[in-house]
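The values are calculated or read from the model by the stated rules, or taken from the named source; none is laboratory data. Since we're looking at a predicted model, the values are computed, not measured. Here the Cβ is made from the backbone with ideal geometry for all residues, glycine too, and neighbour counts use every protein chain on show. To get the accessible areas, we keep the full protein, side chains included, count just its heavy atoms, and leave off ligands, DNA and RNA. Shrake-Rupley method; radii C 1.70, N 1.55, O 1.52, S 1.80 Å.
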Amino acid sequence: MRRSFGTLIFLAFLVFLAWLFFWPLVKPSVEQAQRSTVLLSSPAPTALPNPLPGRPLTDTWGGARSGGRKHEGIDIFAPRDTPIRATTEGIVLNVGPNTLGGRTVMILGPGGQRHYYAHLDRYPDLTAGEWVNSGDVVGYVGDSGNAKGTPTHLHYGIYTAAGAINPYPLLAAGRK
């Protein structure tokens with residue numbers, strides 16, 4: 001069955017109208033997928049900035065913790081409410097509490113690494129799915145979770161598909 005030129009123009013116009021209507025609804029998902037693809041295909045960083053600029057770093061990786069656990073990150077001590085800066089660009093995976101970390105933020109960064117910020121006092125206006133740039137404020141230092149009553153600090157961890165890695169060497173390399 002052949003369609004007339006007028007019918008084809010009309011159908012093309014309907015498709016165009018449908019695209020105008022639906023594109024704003026699907027555009028965020030398309031952009032999120034594109035950003036995720038770029039992050040996952042980018043190499044993991046070899047150096048990172050300190051999430052608490054100017055604060056001293058100590059390698060607390062692997063220290064003994066309650067329940068026979070090992071410390072899977074480093075603790076960076078700072079006064080309560082000190083702004084915590086994202087160490088990489090990425091997509092916010094989670095903003096919310098958990099038992100050990102208290103108030104936490106998790107960001108998917110380059111190379112598929114997940115950057116974990118824990119024991120926060122509070123959050124900025126940040127939601128899951130949001131894009132952050134390196135240096136953006138992702139939280140404020142506190143003592144939430146199992147750190148309640150300890151000196152205020154940030155627990156910073158990095159997780160890969162193979163498990164936790166020590167962030168200290170990357171942060172130390174970022175100082176140079």
Problem - All Cα pairs of the range 1-71, percent lying beyond 13 Å - result: 82
Handout entry: Rg ratio (alpha-carbon, reference 2.2 N^0.38 Å) - the chain
Key = 1.39
Exercise for the section: Report the equivalent ellipsoid semi-axes for the range 113-176 in whole Å, largest first, defined as the square roots of five times the eigenvalues of the gyration tensor built from alpha carbon atoms. Expected result: 20, 17, 13
Handout entry: Mean shadow area of the range 48-93, taken as a quarter of the surface of its Cα convex hull (nm²)
Key = 4.6
Problem - Cα Rg over Rh - the range 80-161, Kirkwood - result: 0.95
Problem - Within the accessible area of the range 19-176 (1.4 Å probe), percent carbon and sulfur - result: 58
Practice task
Measure nothing but the geometry: give the 0 to 90° angle between the long axis through the Cα atoms of 5-41 and the longest principal axis through the Cα atoms of the chain, rounded to 10°.
Solution key: 10
Exercise for the section: Answer with one residue from Pro169, Ser42, Phe16: the one whose Cα lies farthest towards the positive end of the charge dipole of the chain, charges on Cβ with Lys, Arg +1 and Asp, Glu -1. Expected result: Phe16
Completion exercise
the chain: relative contact order from alpha carbon pairs under 8 Å, six or more residues apart, as a whole percent, is 25
Handout entry: 1.4 Å probe accessible area per residue over the chain, in Å²
Key = 56
